[in-house]
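Worksheet for the structure shown next.
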Amino acid sequence: MTVFCGAAGNRFLFSNERKLVNVWWPPFVDKIFYSSQQSLIEQEEAKKFRKLTNQFHKLVNVGLMDSMTRTHFENRWDNEKEVTVYPLVKNYTFSLACWSLLGINDQARVDELIKPFSMVTVGIISIPIDLPGTPFNRALKASKLIRKELLSIVNQRKMDLTSSSEKNNDASPKQDLLSQIILFSNDGKDTYKVMNEKEIADKILGLLIGGHDSVSVVITSVMKYLAELPDVYNEVLRGK
């Protein structure tokens, strides 16, 4: 095993992708994300897609994100004598992801979506035994439910964008990543492979899963150390 640390390590990894290093997952993970094996993106197309996601993140409405954060604290944290940070943070980060990736701002719907996602994240790191009642078996079933729901959202968004375009050619699409992917996939430029609804749903699934736990763990760790180190906490409050 080789461990890279710091900016130099990051530069080495990202500059040598598909040259000296490549992403690899155990075969059992492919069973959860099975459609990714059916439509691998070529290297140049992957770069274009990554460029699209990078451009999108630069356009994210920080003001709305701040408003959602304040609302989350008011509803889930304020006036509580004690809170369990990690589950609350997971709900918070997933809510932000649903808003920025899918344009979903309905907390009730977010709460319904997060249940199968939690099963998938547990199943990915479990022993891959596909028997009824095992975490891996529940993850397989949950991934099918998620993909079905995402496929419905993608189809509806495509119809909404088509309807908006027909009514007003200057109408601006929803500023979430799903809309941008649909438009990018259908623009017909260069040699980019047009993605169908299942492929788009699979990409959104990967993005949601990828950011489901990692960001939550970082925020929880920060909260833990701020609580344990009051001097540092006070300096943060002072804006230093």
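The values are calculated or read from the model by the stated rules, or taken from the named source; none is laboratory data. From a predicted model like this one, the values you see are computed outputs, not experimental measurements. Note that each Cβ is placed from the backbone with ideal geometry, even for glycine, and that neighbours are counted across all protein chains shown.
Values as computed for the structure displayed
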quantity	calculated
Qualifying position, being of a type in the set (Val, Ile, Thr) and at pLDDT below 70, among Thr191, Thr162, Thr220	Thr191
Within region 7-40, tally of residues that are part of a helix (DSSP H, G or I) and modelled with pLDDT under 75	4
Considering residues of region 41-84 that are modelled with pLDDT of 65 or more, among the aliphatic types (A, V, I, L, M) and within 20 Å of the chain's Cα centre (by Cα) only, the residue farthest from Gln180 (Cα to Cα)	Met68
Selection status of Ile124, crowded, with 19+ Cβ neighbours inside 10 Å, under 14 Å from Leu205 (Cα atoms) and at pLDDT below 90	yes
